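Colleague: Structure provided below as structure tokens; questions to follow.
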Amino acid sequence: MTSTTQLVTGVDFAPVPSRDLERSVAFYRDTLGLPCSVHVPDRGFAEFETGNVTLSVYMPEQMGIPYATNPNPYALHVDDVAAARSTLQERGVSFEGDVFDTGVCHMAFFTDPDGNALMLHHRYAPRVVAE
């Protein structure tokens, strides 16, 4: 392997810690509407497909890892943040503040039942890539 060879070629999954797997499965599958591709209760994990990254909900203490919520939100892509927010509010999700407009995207912040940070996100302006 040379120093110019790309070592990392992608992200296989994004971990989401939980203390109650079945409550998390219900939230990610039923509330957010994500397809559940793996559900292994006796091993303490389930996986949900977002279209480009798998969210892997797991019980860290069952794996010998200390439990801690993720305070940095995963940006969940939606076509319309306001409409998706309204739908989730109807399903019992509470949001923090109003829809935030950065000038290039809309965001709406919330948490899962374990307190892990999430956001609805939609980029409406073209991405400018630094050269």
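Colleague: When you go through 29, 23, 85, 19 one by one, which is the residue that is farther than 17 Å from residue 114 by Cβ and among the basic types (Lys, Arg)?
Modeller: 85
Colleague: In addition: State whether the residues of segment 73-82 include one that is touching a Gly at 6+ places or on another chain (Cβ under 8 Å), under 23 Å from residue 127 (Cβ atoms) and open to solvent by 60 Å² or more (accessible area, probe 1.4 Å).
Modeller: yes
Colleague: Is it true that some residue in segment 13-34 is of a type in the set (S, T, N, Q) and in a strand (DSSP E or B)?
Modeller: Quick first cut of segment 13-34, residues of a type in the set (S, T, N, Q) only: 18, 24, 31.
Imposing the further condition that a residue be in a strand (DSSP E or B) reduces the set to none.
There is no residue in segment 13-34 that is of a type in the set (S, T, N, Q) and in a strand (DSSP E or B).
Colleague: For segment 38-59, enumerate the residues that are under 20 Å from residue 78 (Cα atoms), open to solvent by 30 Å² or more (accessible area, probe 1.4 Å) and either among the β-branched types (Val, Ile, Thr) or touching a strand residue (DSSP E or B) at 6+ places or on another chain (Cβ under 7 Å) (or both).
Modeller: The answer is 47, 49, 50, 53.
Colleague: Which one of these is surrounded by 15 or more Cβ atoms within 10 Å (Cβ to Cβ) and assigned to a strand (DSSP E or B): 118, 88?
Modeller: One residue alone meets the criteria, 118.
Colleague: Right, here's the next one. So residue 66 fits all but one of (1) surrounded by 13 or more Cβ atoms within 10 Å (Cβ to Cβ); (2) not in a strand (DSSP E or B); what number is the exception?
Modeller: Residue 66 satisfies all of (1) surrounded by 13 or more Cβ atoms within 10 Å (Cβ to Cβ); (2) not in a strand (DSSP E or B) except (1).
Colleague: Where residues in segment 11-31 are open to solvent by less than 100 Å² (accessible area, probe 1.4 Å) and touching a Ser or Thr at 6+ places or on another chain (Cβ under 6 Å), which of them is farthest from residue 47 (Cα to Cα)?
Modeller: 18
Residue-wise test of (1) touching a residue at least 40 places away in the same chain (Cβ under 8 Å); (2) assigned to a loop (DSSP other than H, G, I, E, B); (3) under 15 Å from the mean Cα position of the chain (by Cα).
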residue: 72; (1), (2), (3): yes, yes, yes
residue: 75; (1), (2), (3): yes, no, yes
residue: 92; (1), (2), (3): yes, yes, no
residue: 109; (1), (2), (3): no, no, yes
residue: 114; (1), (2), (3): yes, yes, yes
residue: 125; (1), (2), (3): no, yes, no
residue: 130; (1), (2), (3): no, yes, no
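The values are calculated or read from the model by the stated rules, or taken from the named source; none is laboratory data. Please read all numbers here as calculations on a predicted model, not as lab measurements. Here the Cβ is made from the backbone with ideal geometry for all residues, glycine too, and neighbour counts use every protein chain on show. Quick note on the areas: whole protein, heavy atoms, side chains included, nothing else; ligands and nucleic acids left out. Shrake-Rupley method; radii C 1.70, N 1.55, O 1.52, S 1.80 Å.
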